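Everything below concerns the one structure shown next.
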Amino acid sequence: MAPSVFPNELWINVFEELKNPADLARISRTCRKFHRLSLRTLYKRIRWTDPRHLQNGLDFLRNQPALSTVPRSLTVAISREDPRLTDIEQLSRALAIVDHVGTIQSIPHTTQWFHSVVSELSTTIGRYPILLASLPLHAAMVDLMSTFTELRELTFSGMQLPDSWYNIIQGFNRLQTLRIEYCTVPATSPTVPPVFENLPITELVLSGLTSNREPRKELRLATARNLRVLRFDWTAYVFNLFVQEDATIPAHLESIEVTFPQQKNWQAFNNAESLLSQRLASFLALCPGVTSLTVKNHVGSFELPAGALPLLRSYRGPMGAIVKQLKHCPLHTLDVRDSSGSLRSFIHELQAIASDHGDLQDLRVFAYQWDNEILRAIVFHFPHLRTLQVRYSHGSPSDDTVVSMGPHFFEAKKLPHLRVARVFKSKSSPGTRESSSAGQYLQLAIHFNRHRPDMLDSWQGPLFVQREYDEGDTEPEVNGVPLGAEIEEDLRESIIAWNRYCPNLREVQLLPGFVWRRSSEADSWCKR
């Protein structure tokens, strides 16, 4: 069938569903029409992470002025050469410079083996670039960026920011999301302080900033008056702008995410824990419109002024002192993690939360060690839940516990409004990464004990493997027999047994990576 049978809009929708850019590139070479249509999808999201690839594609984009209005998302991770190379920590590992004609020249302090190393370099974004762009190549990149007039999302990552980065940003009149992550701020501060109040951005991310000077002017990006979502870490102390310099809080700010160092690293900051924590509290007191707050890692104790965060509906972060400070907030969603590792302390914290927020509708907890008492405490103290999620990093519920979760914990008499129940082992605990060659399963013994006890002795692998089941993973096998589908069927049978006790339940998750859903009480459970 000829491509002309279908309208262009339909083909573009089909191309946008392709997840692999390589597939789209192949389609663009099949005929002239597909080439013309697929280019608009192929260049909607651009990533410049390697000066070699940038140089190869630069002339093409220059000769296609019609494509200047196509890009909606741009990620830049290419630093320019700098005579102060050894003084800039982020560029200290660079080996070579790529010029505007594609020639790769070694940096004087590198050894002669750089040619073989450069040929095998990955284009993955990192905090320490290996290849730098020459000044002409970098200038050409900046000039080309300025032509992307319809850009909605801009990310600077793992690079030294250009000296004129603030002029670049102000040239995008439709920009909505700006991310500056793990970047080095230019050593020279702009002569005329930039004014960012009129920036159109609604989401700002500032994290991992390094500089030989205080990045105060860079932090003023947070004063954009249309800002709704603000994410920053301890290297970008945005709250000082509003606490110490009396900057105006964006009127529409509704979501804040702040990342502090891990607890073990606070000791390197010379008693800064209490100072930064209290300044955060003072900042939050100035944000009456915030409805969502996320705190990552450890935050010291502080005291919120009375009446702070009157509209806060969602909190995600560690349990403890900060949750107690939110007792007067109308919380609807709570996503907390236990950092103590003690079951007694965890249950005590849940009781304290219930005394202030007993009508909570969405509760998500992360426990270090699985214990049935966690579910019992939640069911007893939070009878109004509509969504419940329990993640854990060690241990697992027994086969009998999985089967009895419906009648013993999720039944309509105890949780009459519950519609979503998720209980599964997390692929990694906060701050750690665990991996295995197979996908993660709740408990292989569920299958072995029921159907194949004879194979339990022949199983040579771990009973619990701890990485999320990805599309490319192979299912675990025993004697060459894949077990994934059979284990899933066992879990489905367990969930079906819950039906008479949990008629309102619509979604269940017992393994990471997929859920079981049904649209009504009479519907069948289907894997999604």
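Going down the table (K425/K527; K217/K324; K296/K324; K327/K413; K19/K296), which pairs top 26 Å between alpha carbons? Among K425/K527; K217/K324; K296/K324; K327/K413; K19/K296, the Cα-Cα distance tops 26 Å for K217/K324; K327/K413; K19/K296. The residues packed around R228, meaning those with a beta-carbon under 11 Å from its beta-carbon, carry a net charge of -1 if Lys and Arg are +1 and Asp and Glu are -1.
Along the range 232-239 the Karplus relation, 6.51 cos²θ - 1.76 cosθ + 1.60 evaluated at θ = phi - 60°, assigns HN-Hα couplings of 8, 10, 5, 7, 10, 6, 4, 4 Hz to successive residues, with x for each Gly and Pro.
Of K33, K324, K414, the residue with the largest accessible area leads and the full order is K324, K414, K33 (1.4 Å probe). Taking all Cα pairs closer than 8 Å and separated by 6 or more residues, the relative contact order of the range 182-264 comes to 29 percent.
Note on the range 126-227: the alpha carbon radius of gyration divided by the globular reference 2.2 N^0.38 Å gives 1.04. Computed with a 1.4 Å probe over protein heavy atoms only, the accessible surface of the range 263-391 comes to 47 Å² per residue. Here each label is just a point 7 Å from Cα along the line to Cβ, and for L85 and K414 those points are 6.5 nm apart.
Taking packing as the residue-averaged number of other Cβ atoms within 10 angstrom, the listed peptides 379-392, 493-506, 214-227, 16-29 run from highest to lowest as 214-227, 379-392, 493-506, 16-29.
Its residues counted as N, the range 214-319 yields a C-alpha radius of gyration over 2.2 N^0.38 Å of 1.02.
The values are calculated or read from the model by the stated rules, or taken from the named source; none is laboratory data. Everything numeric here is computed off the predicted structure, so don't read it as measured data. All Cβ positions, glycine included, derive from the backbone under ideal geometry; neighbour counts span all protein chains shown. For the accessible areas, the whole protein counts, side chains as well, though only heavy atoms, and no ligand, DNA or RNA atoms are used. Shrake-Rupley method; radii C 1.70, N 1.55, O 1.52, S 1.80 Å.
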